[in-house]
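Read through the structure below, which is laid out as structure tokens, and then see the notes.
The values are calculated or read from the model by the stated rules, or taken from the named source; none is laboratory data. Worth saying up front: this structure is predicted, and the values here are computed from it rather than measured. Cβ atoms come from the backbone with ideal geometry, glycine included; neighbour counts cover every protein chain shown. We work out accessible area using only protein heavy atoms, side chains counted, and drop any ligands, DNA or RNA first. Shrake-Rupley method; radii C 1.70, N 1.55, O 1.52, S 1.80 Å.
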Amino acid sequence: MTARTLIACGELFDGISGRAVPDQTLVLYGDTIDWVGPTAQAPTAQPGDTRIDHSTRFVMPGMVDCHAHISYGNALTQEDIDLYATMEFRTLRSMVAAQAILKSGFTSIMDPACSGLIAPAVRDAINVGLVQGPRITASGRALTTQQGLYDWYPSWVGVPEPSTGVLTGSMDEAIRIIRQQAKDGVDAIKLTMDGIHARRNGGGLIAAYTQAETHAMVDEIHRLGKLAVVHARGREGALYAARAGVDVIFHASNICDDGIQAALDHGTYLCPSLALLVNNIEFHEPTDASAPWWPDIQRRELEAASRNLQRARAAGVRFLSGSESGFAVTPHGEWGAKELEAHVRHVGFTPAEAICCATVESTKLLRERDKLGGLVKGKLADMVVVDGDPLADITVLQRREAIHAVLLGGKPVDLTPAPTHARHFSEFSQAMWSRVYDRAYVASHLSSKAADAARRQPA
Ligand SMILES: [Zn+2]
């Protein structure tokens, strides 16, 4: 007979009711919650049962990061993501990335876009018990066009095979790739809806696919039983995607009223992924290659996103929570919970609403959606035990020392931080300098010693 685990909780936040209830007990049977109620009325422990005392702590469901790119390697450059590392190395670092995310209190993730089939492979390795990691809902390479994200390199280079994007030269080709990805076991298929060119007079980005093409691809993805998920910061891409009935629009920063209505009509979720924008604004340094232009673009987008997403929310559109981890400014396991703070600061969520969104609501599209969904009877026992009150201060979830315990299907997760190595993840970039050292720069900016050294070099 499977033994039970009785967990006394100081405050229990089930992720559904939106409030914390004091002095509750959870009884787990195997990996599942079997009983929840006041500690005073809890079943008594039998021989063989385990009792855990969190009676001074805040217990909530495990968080979900619906936008984590585990194969990206905390990249400094696009080339880091696409070019230099072998697929084998990327797979190994993805495993470490997934574990870092789990250790920070996220028991499930969605990975929309990876190299090859890395995310589905890591998902499967975790699911058969080879290694511990979060529950993963995985996609493969994101479909794009010559007008879209992921086709970064010159046309004479194209989109190399190990890229996280895959070029669709025609609709026949797009449908073939969709069918292949479905065959290869992805859960979700990602479409790149933003183009790279903007319409004149502030008309925003031109979508990478036409409305008819978007419909054709989404219909085929849904026919094959997969999730259709899209990247769309621009108005037009978000509108086409919502009209085609996609399941998730990532970013949706410039979604218009027609897009909001279409999202409502089709039950499309929006996943703002604001932590990346916020970090790009807060963390930029003058020495960053992108410093002269990038933070301002991010600031403008954050303003637009805040405005438009609040309108979408007021209209009744549903939200997922995802931080877009995987870049150098959003390293895995570091800033995931900052997305909850961003939902509070920029989209008007209360802390309780942000936690409900990042826990129960964000399970709605996952592979395990029928078994997950809050700390209630019959659901998997994925939970976070917090030293502190995230309802009073949502940022407490970002503090490693406040994450007292993480349980995945009732099993404690080892919270020992994964070792970090300076060149662990971005080992392969060929970039060597961040500026051109012409004589004018050297004369005006470098110390006299460095300038002397430079002058001594042969011309
Ligand atoms: Zn992304």
Check: How much length is gained if the chain between residue 146 and residue 258 is pulled fully straight, taking 0.36 nm per residue apart and subtracting their Cα-Cα distance, in nm to one decimal?
Finding: 37.7 nm
Notebook entry, point to check: Counting DSSP beta bridges with both partners in region 164-322, what percentage is antiparallel, nearest 5?
Noted result: 15
Notebook entry, point to check: Where the centre of each part is set by its Cα atoms, how far does region 28-84 sit from region 336-403, in angstrom?
Noted result: 10
Item checked: Local electrostatic count, residue 335, Cβ distance below 13 Å [Lys/Arg +1, Asp/Glu -1] -> -3
Notebook entry, point to check: For residue 284, what charge total do you get from the other residues with a beta carbon under 15 Å from its beta carbon, if Lys and Arg give +1 and Asp and Glu give -1?
Noted result: -3
Margin query: I need the calculated FRET efficiency for the pair residue 414 and residue 290, taking r as the beta carbon distance and R₀ as 41 Å, to the nearest 0.05.
Written below: 0.65
Check: So what is the 222 nm mean residue ellipticity for the chain from helices alone, if each DSSP H run of at least 4 adds -39500 (n - 2.57) and you divide by all residues, rounding to the nearest 500 deg cm²/dmol?
Finding: -9500 deg cm²/dmol
Notebook entry, point to check: Where Lys and Arg each count +1 and Asp and Glu each count -1, what net charge lies around residue 230 among other residues with Cβ under 10 Å from its Cβ?
Noted result: -1
Next item on the list: Answer rounded, prolate or oblate for region 63-366, using the Cα gyration tensor with square roots of eigenvalues a ≥ b ≥ c: rounded when a/c is under 1.5, else prolate when a/b is larger than b/c, else oblate.
Entry: rounded
Margin query: Using the Karplus curve 6.51 cos²θ - 1.76 cosθ + 1.60 with θ = phi - 60°, what ³J(HN,Hα) values do you get for each residue of region 224-230, in whole Hz, with x for Gly and Pro?
Written below: 8, x, 10, 7, 9, 10, 9
Margin query: If you fit an axis through the alpha-carbon atoms of helix 294-315 and take the longest principal axis of the Cα set of the chain, what angle between them do you get, 0 to 90°, nearest 10?
Written below: 40
Item checked: Distant-in-sequence amide H partners of residue 24 (H built 1.01 Å from N, under 5 Å) -> 9, 12, 39
Notebook entry, point to check: Which whole-Hz ³J(HN,Hα) couplings does region 248-262 yield from phi under the Karplus relation 6.51 cos²θ - 1.76 cosθ + 1.60, θ = phi - 60°, glycine and proline marked x?
Noted result: 9, 10, 7, 6, 6, 4, 10, 4, 9, 4, 5, x, 4, 5, 5
Checklist line | Share, in percent, of DSSP beta bridges within region 1-131 that are antiparallel, nearest 5 | finding: 60
Notebook entry, point to check: What is the magnitude of the charge dipole of the chain about its Cα centre, with +1 placed on the Cβ of each Lys and Arg, -1 on the Cβ of each Asp and Glu, and no other charges, expressed in debye to the nearest 20?
Noted result: 280
Notebook entry, point to check: Just in region 136-199: which chymotrypsin sites (Phe, Trp or Tyr not before Pro) are loop by DSSP and have at most 11 other Cβ atoms within 10 Å?
Noted result: 156
Notebook entry, point to check: Under a straight-distance cross-link criterion of Cα-Cα below 27 Å, which lysines are reachable from residue 411, leaving out those fewer than 8 residues away in the same chain?
Noted result: 103, 338, 364, 371, 377, 379
Next item on the list: Just the number, please: percent antiparallel of the DSSP beta bridges in region 63-366, rounded to the nearest 5.
Entry: 10
Next item on the list: Only loop residues by DSSP count here, and only those with at most 15 other Cβ atoms within 10 Å; note down the trypsin sites (Lys or Arg not before Pro) in region 1-100 that meet that.
Entry: 19
Next item on the list: For 135, 179, write out the residues from largest to smallest accessible area, computed with a 1.4 angstrom probe and no ligands counted.
Entry: 179, 135
Check: Ranked from highest to lowest mean number of other Cβ atoms within 10 Å per residue, what is the order of the peptides 367-376, 410-419?
Finding: 367-376, 410-419
Notebook entry, point to check: Which whole-Hz couplings ³J(HN,Hα) result when phi for each residue of region 213-220 is put into the Karplus expression 6.51 cos²θ - 1.76 cosθ + 1.60, θ = phi - 60°, listed in order with x for Gly and Pro?
Noted result: 5, 4, 4, 4, 5, 5, 4, 5
Item checked: Solvent accessible area, Å² - residue 255, 1.4 Å probe, full protein context -> 0
Item checked: Placed amide H near residue 166: partners under 5 Å, 5+ positions off or other chain -> 142, 143, 144
